[in-house]
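Everything on this sheet refers to the single structure shown next.
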Amino acid sequence: MTSKNAQTEANKRWAAKNKEHKKYLSYRTYARSFIKKLATNDDLDELEQLIAERREQ
C-alpha cells in the first residue's frame, strides 16, 4: 500500500510542476476520444477545416 501512496504523491508533485503540460495532455486526450467515439461526419468535416486553417498559420 505504501508504494501506491508514494506513486500517488509523485503524480501530484509532477502535476504541480507541469501544469501546462498536464493541461495539454488532457486536451489532447479529450480531442482524440471525441473523434474516435462521438464525432459525427459533420463534426469531422468541421475539424478537418479547423486543422487546415491552423496549419496555415
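The values are calculated or read from the model by the stated rules, or taken from the named source; none is laboratory data. Remember, predicted model here, so these are calculated numbers, not experimental data. Please note: Cβ atoms are built from the backbone with ideal geometry, for glycine as well, and neighbour counts cover all protein chains shown.
Structure above, values below:
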| item | result |
| --- | --- |
| Qualifying positions in the range 9-26 - of a type outside the set (Lys, Arg), outside any loop (DSSP other than H, G, I, E, B) and surrounded by 10 or more Cβ atoms within 10 Å (Cβ to Cβ) | GLU9, ALA10, ASN11, TRP14, ALA15, HIS21, TYR24, LEU25, SER26 |
| Any hit, the range 27-43, residues being surrounded by 10 or more Cβ atoms within 10 Å (Cβ to Cβ), on the phi < 0 side of the Ramachandran plot, among the basic types (Lys, Arg) and modelled with pLDDT of 95 or more | yes |
| Pair list, Cβ under 9 Å, 6 or more apart: the range 28-44 residue in contact (Cβ under 8 Å) with a residue 12 or more places away in the chain, other residue surrounded by 10 or more Cβ atoms within 10 Å (Cβ to Cβ) and part of a helix (DSSP H, G or I) | ILE35/ASP43; ILE35/LEU44; ILE35/LEU47 |
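Every residue, every condition in (1) closer than 17 Å to ILE51 by Cβ; (2) under 16 Å from the mean Cα position of the chain (by Cα), yes or no:
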residue: LYS4; (1), (2): no, no
residue: ALA15; (1), (2): no, yes
residue: ASN18; (1), (2): no, yes
residue: TYR27; (1), (2): yes, yes
residue: ARG32; (1), (2): yes, yes
residue: LEU38; (1), (2): no, yes
